[in-house]
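Colleague: Take a look at this one; I'll ask things after.
The values are calculated or read from the model by the stated rules, or taken from the named source; none is laboratory data. These numbers come from a predicted model, not from an experiment. Positions of Cβ are backbone-derived with ideal geometry, glycine not excepted, and every protein chain shown enters the neighbour counts.
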Amino acid sequence: MNQQLLFNDDAQAEPKRQAVICSAMDGGMRIHCVITVSYLAQLGAKVDDVSEWLAAYEDYRFDIEDQLEAMIAQEAFNAAGEVELS
């Protein structure tokens, strides 16, 4: 585990993007992370309603953070400078 990478407790459902948005701190730099509803569904989460998205994120949080950590290590950022699981 990267000791300099810390995930914040700031997850929010973002209906316009059909995603859960959170952030991580890597060596003092804030990185925005996007986890799409379709990705949560692929994990087996129930995401029929926006009210379920945060619970789904929490249910799979450790797996999601592992994937995001790997993407950050590979510098796999999208055009907006975010890491996105979709």
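Colleague: In the range 17-44, which residues are surrounded by fewer than 20 Cβ atoms within 10 Å (Cβ to Cβ) and farther than 21 Å from residue 75 by Cβ?
Modeller: Within the range 17-44, 17, 18, 38, 41, 42, 43, 44 qualify.
Colleague: Just the residues that are without any contact (Cβ under 8 Å) to a residue 40 or more places away in the chain and under 28 Å from residue 46 (Cβ atoms), please, taken from the range 20-31.
Modeller: If the condition is that a residue be without any contact (Cβ under 8 Å) to a residue 40 or more places away in the chain and under 28 Å from residue 46 (Cβ atoms), then 20, 21, 22, 23 are the ones that fit.
Colleague: It is to be established whether one or more residues within the range 55-65 are exposed (fewer than 13 other Cβ atoms within 10 Å of the Cβ), of a type outside the set (Ser, Thr, Tyr) and in a loop (DSSP other than H, G, I, E, B).
Modeller: No.
Colleague: Looking at the range 66-81 only, could you name the residues that are crowded, with 17+ Cβ neighbours inside 10 Å and either touching a residue at least 24 places away in the same chain (Cβ under 8 Å) or touching a Cys at 6+ places or on another chain (Cβ under 7 Å) (or both)?
Modeller: Result: 68, 69, 72.
Colleague: Looking at residue 65, is it modelled with pLDDT of 95 or more and over 16 Å from residue 5 (Cα atoms)?
Modeller: no
Colleague: Of all the residues that make up the range 3-33, how many are in a strand (DSSP E or B) and within 14 Å of residue 84 (Cα to Cα)?
Modeller: Within the range 3-33, residues that are in a strand (DSSP E or B) and within 14 Å of residue 84 (Cα to Cα) number 10.
Colleague: Among the residues of the range 2-59, what is the count of those that are at positive phi and out of contact with any strand residue (DSSP E or B) (no Cβ under 9 Å at 6 or more places or on another chain)?
Modeller: Residues in the range 2-59 being at positive phi and out of contact with any strand residue (DSSP E or B) (no Cβ under 9 Å at 6 or more places or on another chain): 2 in total.
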